[in-house]
1. Could you go through the range 84-93 and let me know if any residue there is open to solvent by less than 10 Å² (accessible area, probe 1.4 Å) and either without any contact (Cβ under 8 Å) to a residue 24 or more places away in the chain or in a helix (DSSP H, G or I) (or both).
2. Touching a residue at least 24 places away in the same chain (Cβ under 8 Å), over 18 Å from the mean Cα position of the chain (by Cα) and surrounded by fewer than 19 Cβ atoms within 10 Å (Cβ to Cβ): is that true of Pro58 in this structure?
3. Out of Ile47, Ile140, report the one residue that is of a type in the set (A, V, I, L, M, F, W, C), within 21 Å of Leu285 (Cα to Cα) and surrounded by fewer than 17 Cβ atoms within 10 Å (Cβ to Cβ).
4. Regarding the range 178-188, can at least one residue be identified that is over 15 Å from Ile77 (Cβ atoms) and open to solvent by 60 Å² or more (accessible area, probe 1.4 Å)?
5. When you check Ser75 against the structure, is it small (Gly, Ala, Ser), more than 23 Å from Ala255 (Cα to Cα) and surrounded by fewer than 22 Cβ atoms within 10 Å (Cβ to Cβ), yes or no?
6. For the range 180-274, give me every one of the helices (runs of 4 or more DSSP H) that falls completely inside it and has 1 or more residues that are at pLDDT 85 or above.
7. Considering only the range 189-199, state which residues are loosely packed, with under 13 Cβ neighbours inside 10 Å and either of a type in the set (Ser, Thr, Tyr) or touching a residue at least 60 places away in the same chain (Cβ under 8 Å) (or both).
8. If I filter the range 104-131 down to residues being part of a helix (DSSP H, G or I) and either free of Cβ contacts under 8 Å to residues at least 40 places away in the same chain or out of contact with any helix residue (DSSP H, G or I) (no Cβ under 9 Å at 6 or more places or on another chain) (or both), which single residue comes out as surrounded by the fewest Cβ atoms within 10 Å (Cβ to Cβ)?
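The values are calculated or read from the model by the stated rules, or taken from the named source; none is laboratory data. Because the structure is a prediction, the values reported are computed rather than measured. Ideal geometry is used to build each Cβ from the backbone, glycine not excepted, and the neighbour counts take in all protein chains shown. These area figures cover heavy atoms from the full protein model, side chains too; ligands, DNA and RNA do not enter into them. Shrake-Rupley method; radii C 1.70, N 1.55, O 1.52, S 1.80 Å.
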Amino acid sequence: MEQSNYSVYADFILLGLFSNARFPWLLFALILLVFVTSVASNTVMIILIHIDSRLHTPMYFLLSQLSLMDILYISTIVPKMLVDQVMSQRAISFAGCTAQHFLYLTLAGAEFFLLGLMSYDRYVAICNPLHYPVLMSRKICWLIVAAAWLGGCIDGFLLTPVTMQFPFCASREINHFFCEVPVLLKLSCMDTSAYETAMYVCCIMMLLIPFSVISSSYTRILITVYRMSEAEGRRKAVATCSSHMVVVSLFYGAAMYTYVLPHSYHTPEQDKAVSAFYTILTPMLNPLIYSLRNKDVTGALQKVVGRCVSSGKVTTF
């Protein structure tokens, strides 16, 4: 009877991340904590980069854009999931599913391209430091950001209309916590193999383009670092690149599992776990990885906290 009611009033039913959990409210509290931490830490990162003049550099400008993407990215999926758990509902309309699908693809695609292009910034800073102000001018930075957003939008506008035009005449239950492409295609009563092949090629291209930029950039960086005579110069070069490489490995690795690894190697529970990792955990980890390993960011945070404490003391006095 419950399933019949959902069929009447909603186009899809999201089974969610809590369906098979032994302690759903504990998982709910954990995800809520991750969501709040992610939004707060990325917001703090954006504010610090905006107000501290020492962080007014191309690298931190691109990092602020990454933080903005992470805020929008996690906000596309998690609030709906948490509200559904509180309200004991699992319904999502066709329009809502389409919007979520489009925003997810756009933001994920934009982050893919931005992470790839950020490696170019590190390459110029380490391999061509004298030409850095020219090669990473304000105009170039805005072009990098525009290219990343454009690439994400193209991904969303290409895949969303095609995915959502298939007739979903099978079960309307989505065994997932958001409207992701692979799980939606499983509900179609048409043969989607040709589209899945095209999407596979598209995903490979989306991975290869930024991955080739990252590989070529870091190959040149490693060669330059190897030739450095000063140990301190090597340490600084490795420190500035290691955070980016950790973030790239986390994001790209999870995406490759979902969209490149053949479906025969997947299970629904594994898919949900991997998707939760790169849609929920990664946006929280990104600012933590960059801030904990970066003296400029931690210094800016300490400076702001010191000002707040000082102003509070003055007001109290």
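1. no
2. Answer is no for this residue.
3. Ile47
4. Within the range 178-188, one or more residues are over 15 Å from Ile77 (Cβ atoms) and open to solvent by 60 Å² or more (accessible area, probe 1.4 Å).
5. no
6. 181-185, 193-227
7. Ser193, Thr197 - these are the residues of the range 189-199 that are loosely packed, with under 13 Cβ neighbours inside 10 Å and either of a type in the set (Ser, Thr, Tyr) or touching a residue at least 60 places away in the same chain (Cβ under 8 Å) (or both).
8. The qualifying residue surrounded by the fewest Cβ atoms within 10 Å (Cβ to Cβ) is Leu130.
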